[in-house]
Amino acid sequence: VQLQASGGGSVQPGGSLTISCAASGRTFSRNSVAWFRQPPEKEREFVSARRRDGNKYYADSVKGRFTVSRDNAKNTVYLQMNSLKPEDTAVYFCAASDRVILSNLRNPDAYDNWGQGTQVTVSS
């Protein structure tokens, strides 16, 4: 599975942005997909995941503001981000794996395939 993230950009605090992760590969439908982000000078952190069974998970810091969705017909996963804050500024990565379980879905080591990242900047 190959992943291509896109849609990043600059937005003012309180604004919205949707980023996309397009996948190639016939096995993508069997994969769980997650979003991670890496703020400047910080470690990569979990943002959201959508398991292949349809269940969705969010970091506490984005719960209620971010929504992950998936369009299997387009092999694309989206992260809709609302009420953005300056602390949401980061490079956002999508990742996929067919071996994610509930206990490891927040761990980047559980994911085999990664996109190249897209920059999201929240600033006035």
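Could you tell me whether region 87-106 includes any residue that is open to solvent by 50 Å² or more (accessible area, probe 1.4 Å), in contact (Cβ under 8 Å) with a residue 12 or more places away in the chain and among the acidic types (D, E)?
Yes, region 87-106 contains at least one residue that is open to solvent by 50 Å² or more (accessible area, probe 1.4 Å), in contact (Cβ under 8 Å) with a residue 12 or more places away in the chain and among the acidic types (D, E).
With (1) at pLDDT 95 or above; (2) small (G, A, S); (3) at negative phi as the list, and S83 as the residue in question, which single condition is left unmet?
Failed condition: (3).
Could you list, in sequence order, the residues of region 107-123 that are open to solvent by less than 30 Å² (accessible area, probe 1.4 Å) and not hydrophobic (A, V, I, L, M, F, W, C)? Reasoning before the result, please.
Step one: list which residues in region 107-123 are open to solvent by less than 30 Å² (accessible area, probe 1.4 Å), which gives 110-111, 115, 117-118, 120, 122.
Of everything in region 107-123, those that are open to solvent by less than 30 Å² (accessible area, probe 1.4 Å) and not hydrophobic (A, V, I, L, M, F, W, C) turn out to be Y111, G115, G117, T118.
On the basis of being touching a Gly at 6+ places or on another chain (Cβ under 8 Å), in a strand (DSSP E or B) and not hydrophobic (A, V, I, L, M, F, W, C), does Y57 make the cut?
Details: touching a Gly at 6+ places or on another chain (Cβ under 8 Å): no; in a strand (DSSP E or B): yes; not hydrophobic (A, V, I, L, M, F, W, C): yes.
Considered against the rule, which asks whether it is touching a Gly at 6+ places or on another chain (Cβ under 8 Å), in a strand (DSSP E or B) and not hydrophobic (A, V, I, L, M, F, W, C), Y57 comes out as no.
With surrounded by fewer than 20 Cβ atoms within 10 Å (Cβ to Cβ), outside any loop (DSSP other than H, G, I, E, B) and at negative phi as the only criterion, which of A22, A5, A34 stands out? So that I can check it myself, show each step before the final result.
Values: A5 fails: surrounded by fewer than 20 Cβ atoms within 10 Å (Cβ to Cβ); A34 fails: surrounded by fewer than 20 Cβ atoms within 10 Å (Cβ to Cβ).
Unique residue meeting the criteria: A22.
Which condition number does K56 fail, the rest of (1) closer than 17 Å to I101 by Cβ; (2) touching a residue at least 24 places away in the same chain (Cβ under 8 Å); (3) touching a strand residue (DSSP E or B) at 6+ places or on another chain (Cβ under 8 Å) being met?
So K56 meets the others, but not (2).
The values are calculated or read from the model by the stated rules, or taken from the named source; none is laboratory data. Just so it is clear, the model here is predicted, and its values are computed rather than measured. Neighbour counts are summed over all protein chains in view; Cβ atoms, including those assigned to glycine, are modelled from backbone coordinates with ideal geometry. The protein model used for the area step is the full one, side chains on, heavy atoms only, and it has no ligands, DNA or RNA in it. Shrake-Rupley method; radii C 1.70, N 1.55, O 1.52, S 1.80 Å.
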